[in-house]
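Worksheet for the structure shown next.
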Amino acid sequence: MNRKRLCCLLLAALLGLLPLAPALAAGEKYVKNTGTEPVAVFAAIGDETPVETLAPGAQVKWLGENTVDGQLWYQVEGGFVAAGPTVTVVEAPQPTPKPTDPPAPTDPPKPTDPPKPTDPPVNPTDPPVNPTDPPVDPTDPPVNPTDPPVDPTDPPGPTPSASDQPGPTPSATASGAPSASPSPTPTPTPTPRPGGASDTELVIDTAYIYPGMTKSYSSGYMPTVSGGKALFVLPLLGEVMGDVLRVTPDMDTVGPFLYGNYQFDLKKTRETAKDAAGNPVERDVFLMTLSLDLAANRQNGTYPVTFRVSYTDKHGDPAEQDFTLQVAITDGESPAEESGGGGGWSGGWSGPSVVRKPVLVLSSSQVSTSTIAGGQGFTLSLTVQNVGDLEAKNVRIMAAADGQGVYRSDSLAPVFLARMAVSESTETSFPFASDKTVFAGRHGLTVTLAYEDAYGNVYADTVPLQINVVQTASIGFDEMKLPETLTSGETFTQPVCVYNTGYAPVYNVRCTLRMDGLIAASAFLGTLEPQQSADKAVSVFVTTLSGKEKYGESYGELVISYEDMAGEEHTEYQQLRTTVQAPVEITDEEKAKKEKEQKEQQTLSQWWVSLLVAIAFILIVLSVIVIARFSRMLKMK
């Protein structure tokens, strides 16, 4: 067989197959669809509608991983892909070295070179030569007169790569697969919310690097100290009313900072950040950048600064969150002596600590469910990291509840670790439960981190957390009992009593009497806390019925309305019935009789008055006579 023609066919086949091979950057990771069905790509974790699909056999660049509610998600260029049996992460192979000789040019076959009788005729539809075919006969002439003859003992050469072929670089995307642009236009990329964070809470944007930051929060960001100032950068994500936050830094007066009252409003802005690969990305974020002046006589150590963020969430409810950052001071004065035995702080900051010490912080915490119903259990998951300069020993991680209907459902034992190296992090979880009779609202949890350093100094830190307990609102009331008959024109009072039978407060409690022929004002009882009651007297005036018949039976209802903690209105009803009768008319004879009785009563009253006056006069006369006689007797003596 003509060797030149065979090489031409082989080269043509390889060039035809090259567009089917994806162009992968050596050493980078890619997410590949190894199944037979397309895989959905979402713009953000939790979306229901995909923005595109990943065709079978196609791959896109891998940017990171996130776990939300037990599901692993791959962050890729263009969005997020859920991990599954057909979605795998592959690493691009290292490039093979180029051969020293350039590929031979393709010569057209000569018509004068007929194939050998033993060789099959060459067909353009023949498959390309397999590398496992036997070596070429060394007696055949070389393809190019300048090429050396092929040695059958030489091992087969490396497979030509796309970079070894002449001409323009072939496409890196197979036909039918979505193409991944090598230089995508920077677009805002959503950050998935950590598990347990509700849609009304703020979260730190941990995956991106903002101006003033040397690394992202997920890579261990620490505030920087330079020129007598400490620079804090805190990017927050979330939806709030008015897109404005109120930030209040909380620092201790004995720390390294020049103490002052700092409070400011922070608005949401469009900022340019960098992803893990260094590509610019536009983000809608609350970006807090605060520079605090340091005292001239500051001491070296690691100090916490808590930023209290208050806002109105998207439902109109007031909310508040705390974010604590640790800053290391290394350009100040060294402490006169190490703090033995106390170390760190317990129940309050006790002063600066030495630079080289272990510092354990609660880097993340999440609850298995955002709202907890009465009688429901939940799991508190924690991530603890050593951000200090020394190894931590005898680490004890403890979690407890406030005891008001929420409690640990296990043995209450702490998690013990013999040691934690510098920058090491560990994950643990604690099971909790709640009583069916627990009151609705915010309940506190406490996480305590206790540990020692290599010198036996003991450190402890307490971190407060909160959970939200939800209960169903319910009320009871005393039934109203109306008289069986009511006379038009009369007025009477009717008591109403309502009591809260549930474990959640109820608001705007109102009692309204709706009945034809009766006019009554609504009784407003206001807010009723759990196990609380309230009552009120309602004044009712009886009129006439609104139909053709002015008097007769009347039907109505007592309406009790109230609102629960979510602002939803509820209504209870009681059906009522009574008879409205006409007022009694007085005849002429009855009027005359009544007037006569009145006159007799008046005459009798006048007679008694006259009698009393006569008796009084007689008593006065008798008194005068007695006094006169007594006076004469005294004179005679």
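The values are calculated or read from the model by the stated rules, or taken from the named source; none is laboratory data. These numbers come from a predicted model, not from an experiment. Reconstructed Cβ throughout: ideal geometry from the backbone, glycine too, with neighbour counts over all protein chains shown.
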#### Entry: Top-ranked residue of the stretch 520-551 - restricted to ones that are more than 47 Å from the chain's Cα centre (by Cα) and surrounded by 13 or more Cβ atoms within 10 Å (Cβ to Cβ), ranked as farthest from PRO495 (Cα to Cα)
LYS550
### Query
Which residue out of VAL496, VAL559, VAL580 is in contact with a Leu (Cβ under 6 Å, 6 or more places away or on another chain) and assigned to a strand (DSSP E or B)?
VAL580
### Task
Go through the stretch 256-288 residue by residue and tally those that are in contact (Cβ under 8 Å) with a residue 40 or more places away in the chain and in a loop (DSSP other than H, G, I, E, B).
5
### Query
So, in the stretch 462-519, of the ones that are among the aromatic types (Phe, Trp, Tyr) and in contact (Cβ under 8 Å) with a residue 60 or more places away in the chain, which residue ends up surrounded by the most Cβ atoms within 10 Å (Cβ to Cβ)?
TYR503
### Task
Can you give me the number of residues within the stretch 445-465 that are farther than 22 Å from MET420 by Cα and at pLDDT below 90?
0
### Query
Somewhere in the stretch 571-578, is a residue out of contact with any Ser or Thr (no Cβ under 9 Å at 6 or more places or on another chain) and in contact (Cβ under 8 Å) with a residue 24 or more places away in the chain?
yes
### Task
Among what's in the stretch 393-432 and is closer than 18 Å to LEU380 by Cα and of a type in the set (Val, Ile, Thr), pick the residue that is farthest from the chain's Cα centre (by Cα).
VAL415
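Quick grid of which residues meet (1) of a type outside the set (Val, Ile, Thr); (2) over 14 Å from VAL509 (Cβ atoms); (3) not assigned by TED's automatic domain parsing to the domain that holds THR501:
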residue: SER522; (1), (2), (3): yes, no, no
residue: TYR555; (1), (2), (3): yes, yes, no
residue: ILE560; (1), (2), (3): no, no, no
residue: GLN574; (1), (2), (3): yes, yes, no
residue: ARG577; (1), (2), (3): yes, yes, no
### Query
Do you know which of the residues in the stretch 552-573 that are within 30 Å of VAL469 (Cβ to Cβ) and loosely packed, with under 13 Cβ neighbours inside 10 Å is modelled with the lowest pLDDT?
ALA566
### Message
Among the residues that make up the stretch 438-453, is at least one of them charged (D, E, K, R), under 27 Å from the mean Cα position of the chain (by Cα) and surrounded by fewer than 14 Cβ atoms within 10 Å (Cβ to Cβ)?
### Response
yes
### Query
Which residues, taken from the stretch 218-230, are free of Cβ contacts under 8 Å to residues at least 24 places away in the same chain, closer than 23 Å to PHE257 by Cα and outside any strand (DSSP E or B)?
TYR221, GLY227
### Query
Quick one: would you say SER171 is assigned to a loop (DSSP other than H, G, I, E, B), out of contact with any Gly (no Cβ under 6 Å at 6 or more places or on another chain) and modelled with pLDDT under 90?
yes
### Query
Checking LEU634 against (1) over 23 Å from ASP478 (Cα atoms); (2) surrounded by 10 or more Cβ atoms within 10 Å (Cβ to Cβ), which single condition isn't satisfied?
(2)
### Query
Any idea which of (1) part of a strand (DSSP E or B); (2) touching a residue at least 60 places away in the same chain (Cβ under 8 Å); (3) buried (at least 18 other Cβ atoms within 10 Å of the Cβ) is the one GLY388 doesn't satisfy?
(1)
### Breaking point among (1) surrounded by 14 or more Cβ atoms within 10 Å (Cβ to Cβ); (2) under 22 Å from the mean Cα position of the chain (by Cα); (3) not in a strand (DSSP E or B), for VAL233
(3)
### Message
Suppose we filter ALA230, ALA295 for residues that are of a type in the set (A, V, I, L, M) and over 30 Å from THR312 (Cα atoms); which single one remains?
### Response
ALA295
### Query
When you go through VAL285, VAL281 one by one, which is the residue that is crowded, with 20+ Cβ neighbours inside 10 Å, assigned by TED's automatic domain parsing to the domain that holds GLU201 and within 26 Å of the chain's Cα centre (by Cα)?
VAL285
### Task
Take VAL540 and decide whether it is without any contact (Cβ under 8 Å) to a residue 60 or more places away in the chain and either touching a Lys or Arg at 6+ places or on another chain (Cβ under 9 Å) or assigned to a loop (DSSP other than H, G, I, E, B) (or both).
no
### Message
Every residue in the stretch 391-421 that is surrounded by 14 or more Cβ atoms within 10 Å (Cβ to Cβ) and of a type in the set (A, V, I, L, M), please.
### Response
ALA392, VAL395, ILE397, MET398, ALA399, ALA400, ALA401, VAL406, VAL415, LEU417, MET420
